[in-house]
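Single-structure report; data block below.
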Amino acid sequence: GEGATLTAAERYEVVKTVVEQVKGRAAVIAGAGSNATHEAIEGVKAAKALKADAALVVTPYYNKPTPEGMVAHYEAVAEAAPGFPLIAYNVPGRTGLNVTPAVLMRLWQNPQVVAVKESSGSLAQIADTNKTLYRGYLLKEQLREVFRVKGTHGRQLLAAIFAILTSVVLVDLV
């Protein structure tokens, strides 16, 4: 189901069950975002404790923070779960605000932010993001390692990630 429609307890059970059933055969990326930073922190901590491979963290919705507020939100979430990979989720149609390439570049400075699920629907923004971030790599080495550890690499990696994150932009993987 849609993570946003589940209670924290239900999300916990979903992630727990998926991790148990997958048994390391595929990466598990847990939806853990919220408009409330403290709730996103709890979701990411739970995902890490349950041994998910990464967490998808949506940009805060409803309260529509400034660019500084967006960065502070992601930094607080990362700080609460040291070393745990995070995927920033830009979905302006749902959140009411857009993570611009400039803001994403600021998020990208945090080594825990390993990818972006870009759902703005703007090909121009995707192209700008591609130009802005590290020679066109929208998937950082840390997330490649998450999938490589699970035995997936190269073109299989690309297929696996697209199956999980259908709107994420990945460039220069193979």
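The values are calculated or read from the model by the stated rules, or taken from the named source; none is laboratory data. Every value quoted in this text rests on a predicted model; they were computed, and no experiment measured them. No Cβ is skipped: glycine too gets one built from the backbone with ideal geometry, and neighbour counts run over all protein chains shown. SASA here: full protein model, heavy atoms, side chains in, ligands and nucleic acids out. Shrake-Rupley method; radii C 1.70, N 1.55, O 1.52, S 1.80 Å.
Would you point out the residue of the stretch 14-25, among those that are loosely packed, with under 13 Cβ neighbours inside 10 Å and without any contact (Cβ under 8 Å) to a residue 24 or more places away in the chain, that is nearest to residue 56 (Cα to Cα)? Please lay out each step first, then the result.
So in the stretch 14-25, the residues loosely packed, with under 13 Cβ neighbours inside 10 Å come out as 17, 20-21, 23-25.
Okay, now just the ones that are also without any contact (Cβ under 8 Å) to a residue 24 or more places away in the chain, so 17, 20-21, 23.
Numbers: 17: 17, 20: 19, 21: 20, 23: 20 Å.
Among those that are loosely packed, with under 13 Cβ neighbours inside 10 Å and without any contact (Cβ under 8 Å) to a residue 24 or more places away in the chain, it is 17.
Being in contact (Cβ under 8 Å) with a residue 40 or more places away in the chain and open to solvent by less than 40 Å² (accessible area, probe 1.4 Å) is true for just one of 85, 101, 92. Which residue is that? Please lay out each step first, then the result.
Working: 101 fails: in contact (Cβ under 8 Å) with a residue 40 or more places away in the chain; 92 fails: in contact (Cβ under 8 Å) with a residue 40 or more places away in the chain.
The match here is 85.
Please work out if residue 63 is over 17 Å from the mean Cα position of the chain (by Cα), within 25 Å of residue 110 (Cα to Cα) and at pLDDT below 90.
Values: over 17 Å from the mean Cα position of the chain (by Cα): yes; within 25 Å of residue 110 (Cα to Cα): yes; at pLDDT below 90: yes.
Taking the combined requirement at face value, the residue satisfies it.
Which of (1) open to solvent by less than 20 Å² (accessible area, probe 1.4 Å); (2) modelled with pLDDT of 90 or more is the odd one out, the single condition residue 28 does not satisfy?
Every condition holds for residue 28 apart from (2).
Only one of (1) touching an Asp or Glu at 6+ places or on another chain (Cβ under 6 Å); (2) within 21 Å of residue 132 (Cβ to Cβ) is not met by residue 27, so which one is it?
(2)
Could you tell me which residue of the stretch 104-125 is modelled with the highest pLDDT, considering only residues that are open to solvent by 40 Å² or more (accessible area, probe 1.4 Å) and part of a helix (DSSP H, G or I)?
My answer is 106.
To keep it simple, each residue is scored yes or no on (1) touching a helix residue (DSSP H, G or I) at 6+ places or on another chain (Cβ under 7 Å); (2) in a helix (DSSP H, G or I); (3) among the hydroxyl-bearing types (Ser, Thr, Tyr).
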position: 11; (1), (2), (3): yes, yes, no
position: 14; (1), (2), (3): no, yes, no
position: 17; (1), (2), (3): no, yes, yes
position: 30; (1), (2), (3): yes, no, no
position: 35; (1), (2), (3): no, no, no
position: 45; (1), (2), (3): yes, yes, no
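Got at least one residue in the stretch 41-60 being surrounded by fewer than 17 Cβ atoms within 10 Å (Cβ to Cβ), on the phi > 0 side of the Ramachandran plot and not charged (D, E, K, R)?
No.
Return yes or no: is residue 73 touching a Pro at 6+ places or on another chain (Cβ under 7 Å), at pLDDT 90 or above and not hydroxyl-bearing (Ser, Thr, Tyr)?
Details: touching a Pro at 6+ places or on another chain (Cβ under 7 Å): yes; at pLDDT 90 or above: yes; not hydroxyl-bearing (Ser, Thr, Tyr): yes.
Criteria met by residue 73.
Which ones in the stretch 67-89 are within 13 Å of the chain's Cα centre (by Cα) and either assigned to a loop (DSSP other than H, G, I, E, B) or more than 16 Å from residue 36 (Cα to Cα) (or both)?
Once the filter is applied, which keeps residues that are within 13 Å of the chain's Cα centre (by Cα) and either assigned to a loop (DSSP other than H, G, I, E, B) or more than 16 Å from residue 36 (Cα to Cα) (or both), the stretch 67-89 yields 84, 85, 86, 87.
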